[in-house]
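Every number here is computed from the coordinates shown, using simple stated rules; none is lab data. If you're wondering where the values come from, they're calculated on a predicted model, not measured in any experiment. Cβ placement follows ideal geometry from the backbone for every residue including glycine, while neighbour counts extend to all protein chains displayed.
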Amino acid sequence: MSVDLGDLLRRSSSGPGAPLDPDDVWARGRKRRRTRLALTSAAGVVAIGVLAVAPLTLLGSPQPVVEPLGPVEQEAPSDPTDEPDDSATVEPEETETDPIHEASPAAPVTEDDDATEEPGDETSPAETEVTPGPDPDRLADPCAVHEGGEMRAFIDVVAPVEGQEVADTVDLVGCASVYEATVSYRLLDASRTVLIEWFTTATAGGPEIGEFRETIDLEGATGELTLEVYWADARDGSDRDVQTVTFTATG
């Protein structure tokens, strides 16, 4: 390190004309160098101390993070041990109720058995088969199914129907395409005796189609009766397109 002797001599002089002592100048220079070295060494010691302390503070910070993990791991095993104990107490209660529920369905089973026995009422559909009735739609419009059909002579009886039960009268309903719209009928008893022989008129004669409706008084006849519906051939008087229906009169 270089020292400006002129500058030192000027600063050390007590006045403008003071004499300079070379030994004194060199002594002051060595003292200044020592002071600088001491300050530099002190700064180094402080820096070393800071570097030594800093890692300790950084290493000490994770310790509180690790400590709370310890008790958490210790509490975890205690919780699962309590839960199975509660479930174990609940399970026996459910098993006790199971036999009660098993016993209760027994009653509805017997009710179902009773329900299966009740269909003895199947006699009602049997009765409807014995005493059928005419189709209401066909009764309302007997010629609906024949609209647009082939122009030919025919008779279609809608009522009465086979096996029907009536009282003291019977309604004759149907559709026909016959000569002069004349629909003839006769009523016979079980011995084939003719009780009534007469005719009714359709709303139109052949080759057009027309419906016919007639209420026939059974005149006190009871039991199984047969109604024959036909049209008479004008050429020879023979019965044509005979429709036969057997029904029962209850009187």
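For this structure, a couple of remarks:
- Here the label points at Thr248 and Arg34, each 7 Å from Cα along the C-beta direction, are separated by 15.3 nm in the simple model.
- Burial ordering of Leu51, Leu188, fewest other beta-carbon atoms within 10 Å first: Leu51, Leu188
- Sorting Arg36, Arg28 from the fewest to the most surrounding beta carbons within 10 angstrom yields Arg36, Arg28.
- Cut-off 11 Å between beta-carbons: net charge of the residues surrounding Thr201, Lys and Arg +1, Asp and Glu -1: -2
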